[in-house]
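K.L.:
Handing you a structure now.
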Amino acid sequence: MDVRVVVAGAVFDRGRLLAARRSAPPELAGRWELPGGKVEPGERPEDALVRELREELGVEAEPLERIPGEWPLKPGLVLRVWTARLVSGEPRPLEDHDALRWLAPDETDEVDWLPQDRPAVGEAARMLAAG
Ligand code: 523
């Protein structure tokens, strides 16, 4: 079976990490995630990330580097995470989210992350704190 990839962005701006609260589906609503979505067939993961951040948040972002690792979501679906730099726009919860927060490295434990996002969030917080 082909494995489908979900890309997510650890979006950095001014020393903070962007967290997004999901509004759907019901079993995930209210939990916080690194924003992103499924890579379409034939699409490069970095392009998918740029597209998802544009659609969901109305911003332009530049993927920087992959956070090492890969986290299973369900059979046939894995999460991969890239750091990304906000290039333009102020993120707004246009689709799939109902709240956004910018978190300083020492604030990243303040939201209820989806468990599968936590390892990448921890690594992103370490990268931010290291400057
Ligand atoms: N996750 C997840 N963490 C995370 C993202 C972006 C997604 O655990 N940071 C999970 C949640 C869903 C699956 O990945 O089970 C697909 O994410 P979703 O719904 O954001 O992807 P879309 O918007 O591409 O999905 P479609 O509804 O199919 O368009």
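The values are calculated or read from the model by the stated rules, or taken from the named source; none is laboratory data. It should be emphasised that the depicted structure is a prediction, and the values quoted were computed from it without experimental measurement. Note that each Cβ is placed from the backbone with ideal geometry, even for glycine, and that neighbours are counted across all protein chains shown.
K.L.:
Taking the stated definitions as given, is Glu46 closer than 27 Å to Ala129 by Cα, within 14 Å of the ligand (Cβ to nearest atom) and acidic (Asp, Glu)?
P.N.:
The answer is no for Glu46.
Conditions tested, residue by residue: (1) within 10 Å of the ligand (Cβ to nearest atom); (2) touching a helix residue (DSSP H, G or I) at 6+ places or on another chain (Cβ under 8 Å); (3) modelled with pLDDT of 95 or more.
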site	(1), (2), (3)
Glu27	yes, no, yes
Arg51	yes, no, yes
Leu73	yes, yes, yes
Val78	yes, no, yes
Val87	no, no, yes
Pro93	no, yes, yes
Leu103	no, yes, yes
Pro115	yes, no, yes
